[in-house]
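Peer 1: My structure is below; once you've seen it, I'll send some questions.
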Amino acid sequence: MDAEHFKRKFLSFHPKLYRIAYALVENKADAEDLLQDAYFKLWNRRNELPDIENPEAFCVTLVKNLCLDYLRSAHANRRETEIEEVVTLATDSSPEKELETKDKEQQVRQLIDWLPDNQRQVLRLRGIEDCSLDEIEQITGLSAVNIRVLLSRARKTIREQFDKIYEYER
């Protein structure tokens, strides 16, 4: 496969692949880096690509797996700490409000982390970059009905647990 054919075939998926990467890693620069890694891997396997029946699904799976590997790495955890520091520095409110806001954000993050994997993944895909149900179906392999149920359960669980935590403080 030559460079022009490769570009025509695979770069058309770029907007969708970027939305998926951004939804999963929650950072523009990291999403772009991961897409570059994906294109590099695709280019290195360009001789095998004509045998792939559904190139778009193959690319989506590749990007999803690269993102999940990245999220498991220590680099992603360092990035989250850096973002929290920037948000804290940019806030104009009182120290008490900042502390309360940061505490609530941490609680929500922790509640999301405690969700079952499938609920957590669907919630991030839908909530971060507002992926459509069709895109989430393609990424996860779940049906639209299952996705709606998982979203509903995840939101309900977070809301109930959050209310329970902050009800004691009132």
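Peer 1: Say each of Glu48 and Arg155 gets a label point 7 Å from the Cα, pointing the same way as Cα to Cβ; how far apart are those two points in nm?
Peer 2: Here the answer is 4.0 nm between the modelled labels.
Peer 1: Just to be sure I understand the curve: with the Debye formula and one point per C-alpha of the range 130-170, what is log10 I(q)/I(0) at q = 0.16, 0.18, 0.33 Å⁻¹?
Peer 2: At q = 0.16, 0.18, 0.33 Å⁻¹ the computed log10 ratios are -0.51, -0.57, -1.02.
Peer 1: Let me ask something else about it. Using a 1.4 angstrom probe, figure out how much accessible area the range 1-58 has per residue, in square angstrom, rounded to the nearest whole.
Peer 2: About 60 Å² of surface per residue is accessible.
Peer 1: If you don't mind, another one. Could you give me the ³J(HN,Hα) list for the range 50-65, computed from phi with Karplus coefficients 6.51, -1.76, 1.60 and θ = phi - 60°, whole Hz, x at Gly and Pro?
Peer 2: For the range 50-65, the Karplus-derived couplings read x, 7, 7, 6, 10, x, 5, 4, 4, 5, 4, 5, 4, 5, 4, 5 Hz, x marking Gly and Pro.
The values are calculated or read from the model by the stated rules, or taken from the named source; none is laboratory data. All figures in this text were calculated on a predicted structure; none of them were measured in a lab. Quick reminder, even Gly has a Cβ in these numbers, built from the backbone with ideal geometry, and neighbours come from all protein chains shown. When the accessible area is computed, the model is the full protein with side chains, heavy atoms only, and any ligands, DNA or RNA have been set aside. Shrake-Rupley method; radii C 1.70, N 1.55, O 1.52, S 1.80 Å.
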